[in-house]
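Have a look at the structure below before the remarks.
The values are calculated or read from the model by the stated rules, or taken from the named source; none is laboratory data. Not measured: the values here are computed from a predicted model. Quick reminder, even Gly has a Cβ in these numbers, built from the backbone with ideal geometry, and neighbours come from all protein chains shown.
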Amino acid sequence: MASHVLFRGSSFKESKNTRSSGAAGLRFRCVNALKISYKTMTGNYPNLLRVTKNERLRLGLAPVIAKHGLHELDIFSDSALIHLLETHPRDQLQAFTMGTDWENRHEWQPVDTAGASGVDLFNAVSKGHLWFNIFRVHLFHSPFRDLLNRLFSELTEANPDFHCFNQTGTLIVSSPKALVYYHADAQPNLLWHVRGSKRVWVYPAEDAELIDQELMEDIFASYIDEEVPYRREFDEKAIVFDLNPGEVISWPQNSPHRIRNVGGLNVSFSTIYETEPSSRRKLTYCANRLLRRTYHLPARSTKETGISARLKCLTYRGFRKLGLVPVPPRRAYITRLRINPEAAGGFEPIDDGPVLTEFSKKEFVLKKDRWGRLAAVAQAKPR
């Protein structure tokens, strides 16, 4: 890891889950990572995961960079990306632009992709100031399904105690100088970098100075997105990495992080997964939120093991089964910007008012209220 670390904050401590030694510190076992023959996987390369013994035991638990071979696959070529952008469902593709001030996350704005071809999208992101999240690529494109299965199969082979489920794949394509604001993910993920170069700031997990408990509860319960307030003094606790093609980075669950692209069109494959400990943490935080905010019970402990923690999680599961857990509101993405590969930044303003992005059109419609203001109204889900 040392060869990639640019700066290590003096206050950084590994998550409590990383302090166990050897395989005993990683009580995971892959459930649906099937042992697939190489003939059914993407390409005929040797192992895509190229890690040392120390890296494979820490991958997913600590800030660590390891090697992989995804950048050798042709599914990440220009032509392959254009085809994917052309054919991927637009309600599974989010486009955003952003500013340059890390503390002004409100400059993170959605951009509509309506009417843009795959070539338009590729040219816009290649030359502009955009960030594309292409969700669930493994469900719509068989090479990415095979790749996802292969990666988790190799993770299991590298460490038989790796135990995970609900694996999903998101392809991230972003402009040469794009950035992602300070945020924390709910579930563990591995970021497999394929093209371009990034700088990544990783901060300690479970540090109340960096992200407070109530915000983390809201993230777990899907009441807010992952972005959280950032202050520059947080950087004293960060480890800073440079990430290049052929490298995968991991960090402990819920570690806040931020990312800036530093060169070239950037392409990464983000694999999100759950583990028994990560699901238990989610239940703990969701239970605390429900019991304290809805039923006004004194529930603040984030302890994830023991009788009281187990009872709290069982209570939450029971309430959810009985329909007593409020459903978070769905979020509509409304914008005044649309893709234009010829415009500066890869987008242009929409002159005739705000529109719903393609990402939101399946779930919402825009309607005027009695004062003539446009508002997004959720469409009833089919039974």
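Tabulated data for the structure shown
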| read-out | value |
| --- | --- |
| Enumeration of residues in the range 114-124 that are closer than 19 Å to T170 by Cβ and either surrounded by fewer than 17 Cβ atoms within 10 Å (Cβ to Cβ) or free of Cβ contacts under 8 Å to residues at least 24 places away in the same chain (or both) | G118 |
| Test: residue in the range 249-257 that is over 26 Å from L73 (Cβ atoms), in the same structural domain as A184 (by TED's automatic domain parsing), in contact with a strand residue (DSSP E or B) (Cβ under 7 Å, 6 or more places away or on another chain) and surrounded by fewer than 21 Cβ atoms within 10 Å (Cβ to Cβ) | no |
| Residue that is nearest to the chain's Cα centre (by Cα) [pool: residues in the range 97-114 that are within 19 Å of K127 (Cβ to Cβ) and among the hydrophobic types (A, V, I, L, M, F, W, C)] | M98 |
| Boolean, F241 is closer than 30 Å to D74 by Cα, aromatic (F, W, Y) and modelled with pLDDT of 95 or more | yes |
| Scan of the range 75-113 for residues that are surrounded by fewer than 14 Cβ atoms within 10 Å (Cβ to Cβ) and in a loop (DSSP other than H, G, I, E, B), ordered by number | S77, T100, D101, E103, N104 |
| Filter result for the condition that a residue is farther than 30 Å from H163 by Cα and buried (at least 19 other Cβ atoms within 10 Å of the Cβ), over R338, R330 | R338 |
| Candidate set: the range 352-383, residues that are among the small types (G, A, S), more than 16 Å from T335 (Cβ to Cβ) and exposed (fewer than 10 other Cβ atoms within 10 Å of the Cβ); chosen: the one modelled with the highest pLDDT | G372 |
| Long-range neighbours under 7 Å by Cβ, at least six apart or interchain, first residue touching a residue at least 12 places away in the same chain (Cβ under 8 Å) within the range 262-278, second of a type in the set (K, R) | V262/K198; V262/R199; G264/R195; L265/R195; N266/R195; N266/K198; V267/R195 |
| Any hit, the range 298-306, residues being in contact with a Ser or Thr (Cβ under 7 Å, 6 or more places away or on another chain), of a type outside the set (D, E, K, R) and modelled with pLDDT of 95 or more | no |
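To keep it simple, each residue is scored yes or no on (1) free of Cβ contacts under 8 Å to residues at least 40 places away in the same chain; (2) of a type in the set (A, V, I, L, M); (3) assigned by TED's automatic domain parsing to the domain that holds S126; (4) farther than 30 Å from P277 by Cβ.
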position	(1), (2), (3), (4)
L291	yes, yes, no, no
A299	yes, yes, no, no
T305	yes, no, no, no
L311	yes, yes, no, no
G345	no, no, no, yes
E348	yes, no, no, yes
K361	no, no, no, yes
